[in-house]
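**Q** Submitted below is the structure of interest, expressed as structure tokens.
The values are calculated or read from the model by the stated rules, or taken from the named source; none is laboratory data. Everything numeric here is computed off the predicted structure, so don't read it as measured data. Here Cβ is always computed from backbone atoms with ideal geometry, including for glycine, and neighbour counts include all displayed protein chains. Protein only, heavy atoms only, side chains kept; ligands, DNA and RNA dropped before computing areas. Shrake-Rupley method; radii C 1.70, N 1.55, O 1.52, S 1.80 Å.
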Amino acid sequence: PETITVQELANRMAEKGADLVKALFKMGMAVTVNQTIDQDTAELLITEFGHNVKRVSESDIDLSLDTAEDSPEALEPRAPVVTIMGHVDHGKTSLLDALRGTGVASGEAGGITQHIGAYQVTLKDKSKITFLDTPGHEAFSEMRARGADVTDIVILVVAADDGLMPQTIEAINHTKAANVPMIVAINKVDKEDANPQRVRERLLEHEVIVEEMSGDVQDVEVSALKKTGLDELVEKIQLQAELLELKANPNRDAEGIVIEAKLDKGRGPVATVLVNRGTLRVGDVFVVGAESGKVRALIDDKGRQVKEAGPSVPVEVLGLSGVPSAGDPLQVVENEARAREVAEYRQSVLLQKRTAQAPASLESMFSALK
Ligand code: GTP
Ligand code: MG
């Protein structure tokens with residue numbers, strides 16, 4: 001398969017490398033300007049930036065989408081998106097349950113999280129935090145990487161009795177790769193054989209230096225079971241979020257990222273979407289990955305139908321033409337013809353990949369750039 005570095009593609013498109021990296025990040029890919037991307041990704045990127053990708057025997061359609069930056073005056077504070085990561089059974093879901101006052105962990109098959117759960121918690125002071133729960137099982141590395149990519153802050157849960165384990169270390173690496181600040185929650189401190197200090201020491205080996213060790217990574221001892229340390233954890237999240245000055249423009253067509261998607265027997269294709277900016281409303285027409293749709297219903301994390309979802313709000317979207325992939329961007333567009341046009345183009349790209357037809361060479365593709 002043909003590849004191109006992000007910088008080289010940027011040069012050919014006469015765009016800034018950093019802008020391409022940003023766009024790729026929104027598409028769920030954490031890459032630097034010096035890394036390579038494949039042809040399909042390059043094509044999508046060209047499309048997103050409003051250039052035409054011209055190919056022999058393909059009609060010339062304008063696929064530009066409105067991805068303009070928002071003006072600073074349009075920005076309003078938004079809730080932080082916090083992803084909970086860590087080794088299997090270290091208590092991620094239990095911790096989130098304790099923060100939400102619910103019991104998701106006890107209802108899971110075999111007590112193992114199989115997907116990314118997305119929830120918004122309203123705190124006593126009425127401020128909100130969006131949490132993403134990830135599975136710790138070794139098979140779910142991609143989900144953790146995805147979680148790290150869409151998040152503002154990572155909470156690394158380490159069980160104080162078990163200490164650092166393979167998925168703890170992997171989560172540290174995902175977090176570093178995504179360049180996201182981390183808060184270490186040392187869990188299960190109620191256990192007799194808990195050794196929080198040992199966790200702090202072992203973290204040093206992975207260049208995670210917590211406050212207790214005179215570093216700048218916040219750490220907190222918690223027990224999801226006994227519900228201790230939770231207020232302190234929330235305070236640390238809020239402190240970290242304040243430093244990030246998280247803002248988004250709620251008054252524009254929505255853009256979001258698919259956290260997960262499935263085909264539901266009764267409801268058809270359903271996608272859990274985290275809105276990045278703008279406000280998604282019932283009736284909005286959108287393109288999501290290589291699918292399109294019109295929002296038939298929006299369902300919040302408590303199973304209630306809602307009319308709209310703004311920045312940082314996770315919401316289930318009904319009314320899709322098919323099941324998109326996790327990590328796909330969702331964008332509201334002006335009408336259904338436009339949505340279909342973009343989706344059909346993207347499907348043709350995917351189809352070409354699947355059928356392994358001889359792809360148009362990168363050279364001819366880019367020489368045809370507007
Ligand atoms: P995966 O999603 O499968 O990776 O696991 P998880 O990290 O979400 O762990 P989960 O919350 O399912 O908890 C695993 C086990 O640890 C359960 O039996 C919990 O009851 C137990 N547990 C979680 N937190 C604590 C704690 O603070 N103290 C004690 N003693 N047990 C805990
Ligand atoms: Mg879990």
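**Q** Taking the alpha-carbon centroid of each part, what is the distance from region 187-260 to region 272-292 in angstrom?
**A** 30
**Q** Let's test the formula: R0 of 51 Å, r as the Cβ-Cβ distance of ARG202 and ARG296. What FRET efficiency results, to the nearest 0.05?
**A** 0.55
**Q** For the chain, what is the accessible area per residue in Å² when the probe is 1.4 Å?
**A** Ligands and nucleic acids excluded, the result is 47 Å² per residue.
**Q** If I model a spin label at LYS16 and LYS227 as a point 7 Å from the Cα along the Cα→Cβ vector, what separation in nanometres do I get?
**A** Label at LYS16, label at LYS227, 4.8 nm between them.
**Q** Dividing the Cα radius of gyration by the Kirkwood radius, what Rg/Rh value follows for the chain?
**A** Radius of gyration relative to Kirkwood radius: 0.99.
**Q** I want to verify a result. In a Gaussian network model of the chain, Cα cutoff 10 Å, which of these has the top mean-square fluctuation: VAL21, VAL82, VAL315?
**A** Ranking VAL21, VAL82, VAL315 by mean-square fluctuation puts VAL21 first.
**Q** With contacts defined as alpha carbon pairs under 8 Å and 6 or more residues apart, what's the relative contact order of region 146-278 in percent?
**A** Over region 146-278, the number comes to 19 percent.
**Q** How much length would be gained if the chain were fully extended between SER214 and ASP38, taking 0.36 nm per residue of separation minus their Cα-Cα distance, in nm to one decimal?
**A** Extra length from SER214 to ASP38 when fully extended: 59.1 nm.
**Q** Which length gain, in nm to one decimal place, applies between SER141 and GLU245 when the Cα-Cα distance is subtracted from 0.36 nm times their residue separation?
**A** Roughly 34.5 nm would be gained on extension.
**Q** If amide H atoms are built 1.01 Å from N in the plane of the peptide, which residues on other chains or at least 5 residues away come under 5 Å of the amide H of ILE4?
**A** For ILE4, whose amide H was placed from the backbone, the distant partners under 5 Å are ILE37.
**Q** Check the straight Cα-Cα distances from LYS307 and name the lysines below 16 Å, setting aside those fewer than 8 residues away within the same chain.
**A** LYS294
**Q** Further, regarding this structure: Relative to a virtual label point 7 Å from the Cα of GLU334 in the Cα→beta-carbon direction, which members of region 260-301 show backbone nitrogen distances below 17 Å?
**A** So the set is 284-287.
**Q** Let me ask another. How high is the relative contact order of the chain? Use alpha-carbon pairs under 8 Å, at least six apart in sequence, and give a whole percent.
**A** Computed value for the chain: 15 percent relative contact order.
**Q** Over all distinct Cα pairs, what is the inverse of the mean 1/r for region 145-250, reported as the Kirkwood hydrodynamic radius in Å?
**A** Evaluated over region 145-250, this radius sits at 14.2 Å.
**Q** Taking Rh as the Kirkwood radius computed over C-alpha pairs, what is the Stokes-Einstein D of region 220-321 at 10 °C in a medium of viscosity 1.306 mPa s, expressed in µm² per second?
**A** 104
**Q** When the helix-only estimate is applied to the chain (DSSP H runs of n ≥ 4, each -39,500 (n - 2.57), divided by the residue count), what is the mean residue ellipticity at 222 nm, nearest 500 deg cm²/dmol?
**A** -9000 deg cm²/dmol
**Q** Ok, one more. Greater than 24 Å separation of Cα atoms is the criterion. Which listed pairs, LYS227/LYS302; LYS176/LYS236; LYS265/LYS302; LYS26/LYS247; LYS176/LYS226, meet it?
**A** LYS176/LYS226
**Q** For the chain, what proportion of DSSP beta bridges, expressed in % and rounded to the nearest 5, is antiparallel?
**A** Percentage antiparallel, nearest 5: 70.
**Q** Out of the trypsin sites (Lys or Arg not before Pro) in region 98-195, which ones are loop residues according to DSSP with at most 10 other C-beta atoms within 10 Å?
**A** Sparse-neighbourhood loop trypsin sites (Lys or Arg not before Pro): LYS124, LYS126.
**Q** Hey, any idea what % of the chain's accessible area is carbon plus sulfur with a 1.4 Å probe?
**A** 49
**Q** Could you give the dipole magnitude of region 131-189 about its Cα centre, charging the beta-carbon of Lys and Arg +1 and that of Asp and Glu -1, in debye to the nearest 20?
**A** 120
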